[in-house]
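The values are calculated or read from the model by the stated rules, or taken from the named source; none is laboratory data. Every value quoted in this text rests on a predicted model; they were computed, and no experiment measured them. With ideal geometry, Cβ positions are generated from the backbone for all residues, glycine too; neighbour counts draw on all protein chains shown.
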Amino acid sequence: MEVNDALWPVLVHEQRQGDTQLRAIVDAMLIETGAEVFVRQSKALIARIDSRPTLPTIRSPALVIVGEGDRITPIAANKEIAGAIPGAQLEIITDCGHLSTLEQPEAVTKHLVNWFGA
């Protein structure tokens, strides 16, 4: 749990820091994933290549969703991503950090439904 204690303030929006239900979900995810997988995922993220130069080659529709309080991949980074993909749409979710699907599932769903045109 020390990892989650350290990551928690960075993962979720400042208004959700006291959300015990959300914290329980994130803690359960860590336990289910396990330390070995977490380390492997972290190493893979650190070693991955920079894909920004290839973003302009994407020809499929793209929706980029970011929480306005995301401290891991902040709005500026997501604007760069969306700006580099031809025709990409950027949606910013208020009162949300990095875990948008957990913090604001209704807002994420609304943006996906609108984007898919349903």
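For region 23-64, what are the residues that are among the small types (Gly, Ala, Ser) and farther than 22 Å from THR101 by Cβ?
Correct list: ALA35, ALA47.
Specify the residue that is surrounded by the fewest Cβ atoms within 10 Å (Cβ to Cβ); the eligible residues are those in region 29-64 that are part of a helix (DSSP H, G or I) and either of a type in the set (S, T, N, Q) or in contact (Cβ under 8 Å) with a residue 40 or more places away in the chain (or both). Don't jump to the end; show me each part of the working.
Filtering region 29-64 down to residues part of a helix (DSSP H, G or I) leaves 29-33, 35-47, 52-57.
From the residues that got through so far, the ones that are either of a type in the set (S, T, N, Q) or in contact (Cβ under 8 Å) with a residue 40 or more places away in the chain (or both) too are 33, 41-42, 54, 57.
Details: THR33: 12, GLN41: 11, SER42: 11, THR54: 11, THR57: 9.
Per the criteria, the residue is THR57.
Would you confirm whether any residue within region 19-41 is of a type in the set (Gly, Ala, Ser) and within 24 Å of LEU112 (Cα to Cα)? Lay out the reasoning, then the answer.
Here is the first cut: in region 19-41, the residues of a type in the set (Gly, Ala, Ser) are 24, 28, 34-35.
When the remaining residues are screened for being within 24 Å of LEU112 (Cα to Cα), the result is none.
Checked against the condition, which is being of a type in the set (Gly, Ala, Ser) and within 24 Å of LEU112 (Cα to Cα), region 19-41 yields no hits at all.
Just to be sure, is ILE72 assigned to a strand (DSSP E or B) and under 27 Å from ALA6 (Cβ atoms)? It would help to see each step written out before you state the result.
On the way: assigned to a strand (DSSP E or B): no; under 27 Å from ALA6 (Cβ atoms): yes.
Spelling it out, it is not the case that ILE72 is assigned to a strand (DSSP E or B) and under 27 Å from ALA6 (Cβ atoms).
Does GLU80 qualify as being farther than 19 Å from ARG16 by Cβ, acidic (Asp, Glu) and at pLDDT 95 or above?
Values: farther than 19 Å from ARG16 by Cβ: yes; acidic (Asp, Glu): yes; at pLDDT 95 or above: yes.
Considered against the rule, which asks whether it is farther than 19 Å from ARG16 by Cβ, acidic (Asp, Glu) and at pLDDT 95 or above, GLU80 comes out as yes.
Out of the residues in region 5-22 that are more than 16 Å from the chain's Cα centre (by Cα) and part of a helix (DSSP H, G or I), which is nearest to LEU102 (Cα to Cα)?
Step by step, filter region 5-22, then rank; the result is GLN21.
Checking VAL26 against (1) free of Cβ contacts under 8 Å to residues at least 40 places away in the same chain; (2) surrounded by 13 or more Cβ atoms within 10 Å (Cβ to Cβ), which single condition isn't satisfied?
Going through (1) free of Cβ contacts under 8 Å to residues at least 40 places away in the same chain; (2) surrounded by 13 or more Cβ atoms within 10 Å (Cβ to Cβ) one by one, VAL26 breaks only (1).
Among residues belonging to region 1-43 that are modelled with pLDDT of 90 or more and among the polar types (S, T, N, Q), point out the one that is nearest to ILE92 (Cα to Cα).
If we take residues in region 1-43 being modelled with pLDDT of 90 or more and among the polar types (S, T, N, Q), then GLN15 is nearest to ILE92 (Cα to Cα).
When the residues of region 65-118 are narrowed to those that are over 14 Å from the mean Cα position of the chain (by Cα) and acidic (Asp, Glu), which ends up surrounded by the most Cβ atoms within 10 Å (Cβ to Cβ)?
GLU80
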